[in-house]
Amino acid sequence: MKLKTFLYGLMLGLPLFLAACGEDDLKKATAISAKKITFTRDRTLGVEIIYSDSARVKAKGTAPIMDKVTPSSGTGYEEMIKGVNIDFFNPNGTISGNLVCDYAVRKEEIKQTIFRKHVVVKNDKGDTFSSEELIWDEAKKIFYSTQRVFVKGVDGSIGDGINFKAPQDFSTYEMETGSGQLNMQEGIAP
């Protein structure tokens, strides 16, 4: 008897439920699905990338995985979901620095690479820079970040700040709202 009551209730309630789904809802769903963007992802394993300028190798990087992502509308990008390891070279062709991170994305159209998650850079002086995000602007030839950047000097000095900016070789740097400890050596004045 309870099964019959349930079935009768279901049969009476179903038309009311279907009537609640108006034609306007279907039009909205059609409009949303028409704006759907699809992505094509081409994966390459064991990638080696060489960056050169004026026929000189400036950097050589490796990535375990690189995905070239092409959306149906908009611009494509290259995504390194397992991170990168980049060696920088000086004009003599020897390694002058290194960058390692857990994730990177390169946007070809705007000539920008964003390094994220445990980004660590070492320059030729031995200074170490670390942050959760560093952005390389290829056109301006600078690295910058609005995230906090920590700096450890080869002399033991430490510091940190935001709005970081440095040339590609990290020979100098600027940052705001900084704090830290400097090791100063006393010199003999003439």
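The values are calculated or read from the model by the stated rules, or taken from the named source; none is laboratory data. Every value quoted in this text rests on a predicted model; they were computed, and no experiment measured them. Positions of Cβ are generated from backbone atoms using ideal geometry, with glycine treated the same way; all protein chains shown enter the neighbour counts.
Tabulated data for the structure shown
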| quantity | calculated |
| --- | --- |
| The range 107-137, residues that are within 15 Å of the chain's Cα centre (by Cα), basic (Lys, Arg) and not in a strand (DSSP E or B) | 111 |
| Among the candidates 186, 133, residue that is charged (D, E, K, R) and at pLDDT below 90 | 186 |
| Residues of the range 143-160 satisfying the condition of being on the phi < 0 side of the Ramachandran plot and outside any strand (DSSP E or B) | 146, 147, 148, 153, 154, 155, 157 |
| Complete set of residues in the range 70-82 that are out of contact with any Asp or Glu (no Cβ under 6 Å at 6 or more places or on another chain) and in a strand (DSSP E or B) | 70, 71, 77, 78, 80 |
| Given (1) in a loop (DSSP other than H, G, I, E, B); (2) farther than 23 Å from residue 43 by Cβ; (3) among the charged types (D, E, K, R); (4) modelled with pLDDT under 90, number of the condition residue 140 does not satisfy | (4) |
| Residue, nearest to residue 158 (Cα to Cα), within the range 117-134, restricted to residues that are buried (at least 18 other Cβ atoms within 10 Å of the Cβ) and of a type in the set (A, V, I, L, M, F, W, C) | 129 |
| Single unsatisfied condition, residue 91 versus (1) surrounded by fewer than 20 Cβ atoms within 10 Å (Cβ to Cβ); (2) in a strand (DSSP E or B) | (2) |
| Residue 58 vs. criteria crowded, with 16+ Cβ neighbours inside 10 Å and over 21 Å from residue 132 (Cβ atoms) | yes |
